[in-house]
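Taking it in order: structure first as structure tokens, then the write-up.
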There are 2 protein chains.
Amino acid sequence: MSPFFSSRWVPCPDHVTELDGEGLPAGFRAAGVAAGIKASGDPDVGVMVCDAPDATSAARFTASGTQAPPVLLCRERARLDAVRAVVVNSGNANAATGRPGFENAAKMQGAGALVAGVSEDQVAVCSTGVIGVPLPMEKITHGIVAASHALAPDGDAAFSAAIQTTDAFEKRARLQVELPSGTVAITGQAKGAGMIQPGFATLLVFAQTDARLSAETADLLLGVCVKRSFERVSVDGQLSTNDTVILQCSGASGVAVQPETEDELRFGEALDALMRQLALRVVHDGEGARRVGRVVVRGGEPGAVSEVARAVANSPLVKTALYGGDPNWGRIIQAVGAAMPGTAPLPVDIAIEGVQVCARGGVVPHDAAALAEAVARDEVEYEIGLPGDGAETEVFFSDLGHEYVTINADYTT
Amino acid sequence: MSPFFSSRWVPCPDHVTELDGEGLPAGFRAAGVAAGIKASGDPDVGVMVCDAPDATSAARFTASGTQAPPVLLCRERARLDAVRAVVVNSGNANAATGRPGFENAAKMQGAGALVAGVSEDQVAVCSTGVIGVPLPMEKITHGIVAASHALAPDGDAAFSAAIQTTDAFEKRARLQVELPSGTVAITGQAKGAGMIQPGFATLLVFAQTDARLSAETADLLLGVCVKRSFERVSVDGQLSTNDTVILQCSGASGVAVQPETEDELRFGEALDALMRQLALRVVHDGEGARRVGRVVVRGGEPGAVSEVARAVANSPLVKTALYGGDPNWGRIIQAVGAAMPGTAPLPVDIAIEGVQVCARGGVVPHDAAALAEAVARDEVEYEIGLPGDGAETEVFFSDLGHEYVTINADYTT
């Protein structure tokens, strides 16, 4: 596993230590198996079980109007504050499958309950992969049973492998967190490379901790961290039908994280760093991505800074320029103007990697060679100033290159 | 010139005849020359002059908040209902150039007035090309003078060539229109292949007619036609800083088009067909485009059908699937759901080239082979049904392929 905190944009907090290898926090077992859903024969069914009867949890889901049956099932039939087991398949999203799809999601939930020895409403179900194809239920059921026999405290890598689709590399981390009340562990696994601009959640992201959190605290912390991580990234501006984030807390460390304590603050910082770096890894793995951009927008209006940041991050012209290492900042000002119709002439400032190229809407003399060199690096930062101050936001985004086209022009066939 | 009305989506009206070759309506002269703005040595300065002192006109411009100086100049300092001359350069957009850019646009207007022998406020100025680079004014002024010497009644092809940038083919038409009151001509020239999702106008589009229209009638007809053409297309969802559409009417045919007459109806139909086919040609020339899609959305809410149509047309997943000839309709339902957050489960219907693939949100059995064959043709139609009825819209869009990436990854360098 390469170093997890690899971006200059997400420093590892002082009280957090990154661990190598495999191993879940106390109270968790996981597994991933190949059930034959993917034609490639790669792992495609994962199970994550928390053995603590009083486990707490929190979850977030896509805001899509066409939520997939597994998402609808989780929302309608799972106790999201007490999830004990998570059952996931990749290779098929069980989306746009109607009532039969909902029934298949229910069957997955039932099989998960059976193998985990918990009630059905304590099982969350996730699917990811192709849309509009009925789930091969026999394979899935066999996969869930096979995974249950393979459940192990160090099954996080296998689980992580089983949830991937077009991912080029794994997004997994193991963190040791020093809290005033004691040491706890947090692990996380994410999948995702395309159809990524989460609304209220994203992709599939699973996090586990042996800290003891009330369901309310878990929900509060997860909500804040998701807003600062997965809701601030975009690969292609596309909101998935299946995005799901689940945090499970076993409490097996005996370390309790109480509200409004230094424990909560530090635990939150660790979870935040985990989520932000997982989100960045997703962006770095944006289908075929070569470079990652961060756009920071400051101004007087929260709505405007958010619109402008999204417009820049999702502009195919900005993204292809990032891919090409092209310092074409005219596309940035184009995207800014498009996001704020009717405001011309808008006095916008633009800096790229600290080089100011535009002031109050007009070009300023700058070192073109230095700029060209700066935009050819792995991570490129764009700063945009709008009139006023007090509002600020950021979006991390991947470039748009030939590999994205190759991957997506021929996905089902 | 290949046949202009080449799309099944834009039939040529019965009273309209497409003409070959070159030639403007009576009362117009045009020219295009190479002034050295483009490194390629291709033509880059165009001038269009209407010799009728009582010419009328109408115009539309981009809604961008970062409108380029030539757009700001036209809005502030041109009599848009009486434009006699249009001066255009390609190779440099004179955008994000601040106050000096505005002064350069004013110099272009002054030079245009001089060579056309009209007042400055009767000259419209347009620029297209790279953003954020000062205009090479000496070359432009020389170009305008050289073009003035080359002005000719059959200069429309040269003018059309001079306004192009990344265009792969010309977008130009000559129509003869039979009205109850007599025969008139309409010609049109458009440029554009990227940064295209017009807001209130698009790209550079110029149309000329020898019919006599009041400025009010010209404005009314242009407004309606732009809404049905350039506002309904998207290459890459990007609103340009420079989009401009100008209609000029010389009246030299002696045929008057009066409000609320059969003349107006027929003239409007001809202008509509011209604009729609020009818009479609722009989409077909979408940077590197292989295929063009048309998405039609029907439902009960005008806002929702419009959001959904844009979301589908601008989805990089839908566009790469179109490029790949991939019948991956899951991406359509993803885009629909993303455009209507919080409405799950949404009972959406989807048909592709008449093959229904999704009913009330769930997959329906369909002939996969027939579907695969249908999506491999040049034009692909998607129909989406949302709850309710009474609202309907359409968007024409190009695919997203390797050529788009190649063209845009390395545009300035």
- Task: Specify the angular offset, from 0 to 90 degrees and rounded to the nearest 10, of the alpha carbon long axis of helix B:137-150 from the longest principal axis of the alpha carbons in chain B.
- Result: 80 degrees
- Message: Taking 8 Å as the Cα distance limit and 6 or more residues as the minimum spacing, I'd like the relative contact order of segment B:292-409 as a percentage.
- Response: 45 percent
- Message: Distances in nm, one decimal, shortest first, from A:Pro302 to the same residue in every other copy, taking the label point 7 angstrom along Cα→Cβ.
- Response: 3.1
- Of the listed peptides B:124-135, B:378-389, what is their order by residue-averaged count of other C-beta atoms within 10 Å, with the highest listed first? B:124-135, B:378-389
- Note on the structure: Tilt, helix B:98-116 to longest principal axis of chain B (alpha-carbon atoms), in degrees rounded to tens, equals 60 degrees
- Message: Could you tell me the calculated FRET efficiency between A:Glu216 and B:Asp378, based on Cβ-Cβ distance and R0 = 45 angstrom, to the nearest 0.05?
- Response: 0.20
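Using the C-alpha gyration tensor of chain A, what are the square roots of 5 times its eigenvalues, in whole angstrom, with the largest one first?
37, 24, 18
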- List the distances, in nm and shortest first, from the label point of B:Asp121 to the matching label points in every other copy, placing each point 7 Å from Cα along the Cα-to-Cβ direction. 7.5
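Per residue of B:358-364, what is the mean number of Cβ atoms on other protein chains within 10 angstrom of that residue's Cβ?
For this peptide, the per-residue mean of nearby foreign Cβ atoms is 6.
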- Item | Debye log10 I(q)/I(0) at q = 0.12, 0.15, 0.17, 0.24 Å⁻¹ for segment A:292-409, Cα point scatterers | -0.40, -0.61, -0.78, -1.43
- Place a point 7 Å from the Cα of B:Asp121 in the direction of its beta carbon; the residues of segment B:64-80 whose amide N falls under 20 Å from it are B:70-80
- Task: Counting residues in the protein assembly as shown as N, plug N into 2.2 N^0.38 Å and put the Cα Rg over that result.
- Result: 1.03
- C-alpha center-to-center spacing [segment B:111-171, segment B:12-36] in angstrom: 16 Å
- If contacts are Cα pairs under 8 angstrom and at least 6 residues apart, what is the relative contact order of segment B:350-413 in percent? 31 percent
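Could you work out the mean count of beta carbons from other protein chains within 10 Å of each residue's beta carbon in B:57-64?
Taking all residues of B:57-64 together, the mean is 3.
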- Message: Across segment B:147-194, what fraction of all alpha-carbon pairs, as a whole percent, falls in each successive 5 Å bin from zero upward?
- Response: 5, 19, 22, 18, 17, 11, 7, 3, 0
- Item | Positive-pole candidate from A:Ala190, A:Thr261, A:Ala218, dipole of segment A:174-332, charges at beta carbon | A:Ala190
- Item | Two-site label geometry, B:Ala168 and A:Glu103: point separation in nm, points 7 Å out along Cα→Cβ | 4.8 nm
- Query: If you put a point 7 Å past Cα along the Cβ direction, how far is that point for A:Ser214 from the same point in each other copy, in nm, smallest first?
  - Reply: 7.3
- Task: With springs connecting C-alpha atoms under 10 Å apart, model chain B as a Gaussian network and identify which of B:Ala35, B:Ala157, B:Ala359 has the largest mean-square fluctuation.
- Result: B:Ala359
- Query: Got the relative contact order for chain B handy, in percent, Cα pairs under 8 Å and 6 or more residues apart?
  - Reply: 17 percent
- Task: Which order do the peptides B:39-45, B:65-71, B:391-397 take when ranked by the mean count of other beta-carbon atoms within 10 Å per residue, highest first?
- Result: B:65-71, B:391-397, B:39-45
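Grab the other residues whose beta carbon is less than 12 angstrom from that of B:Ala351, score K and R as +1, D and E as -1, and report the net.
Cβ neighbours under 12 Å give a net charge of -3.
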- Task: For every helix of n ≥ 4 consecutive DSSP H residues, a contribution of -39,500 (n - 2.57) applies; sum these over chain A, divide by its total residues, and give [θ] at 222 nm rounded to the nearest 500 deg cm²/dmol.
- Result: -10000 deg cm²/dmol
- q = 0.28 Å⁻¹, segment B:240-312: log10 I(q)/I(0) [Debye, one scatterer per Cα]: -1.23
- Query: Quick one: length gained pulling A:Asp81 to A:Ser6 fully straight, 0.36 nm per residue minus the C-alpha distance?
  - Reply: 23.8 nm
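Considering every pair of different Cα atoms, what Kirkwood radius, in Å, is found for segment B:26-81?
13.9 Å
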- Item | Signed unit charges on C-beta, dipole axis of chain B, positive-most listed residue B:Ser315, B:Pro3, B:Gly98 | B:Gly98
- Message: Within 10 Å of each Cβ in B:308-320, how many Cβ atoms from other chains are there, averaged over the peptide?
- Response: 4
- Query: By how many degrees, between 0 and 90 and to the nearest 10, does the Cα long axis of helix B:330-339 differ from the longest principal axis of chain B?
  - Reply: 70 degrees
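A short reminder: the numbers here are calculations on the coordinates, not readings from a lab. All values reported here derive from a predicted model rather than from experimental measurement. Positions of Cβ are generated from backbone atoms using ideal geometry, with glycine treated the same way; all protein chains shown enter the neighbour counts.
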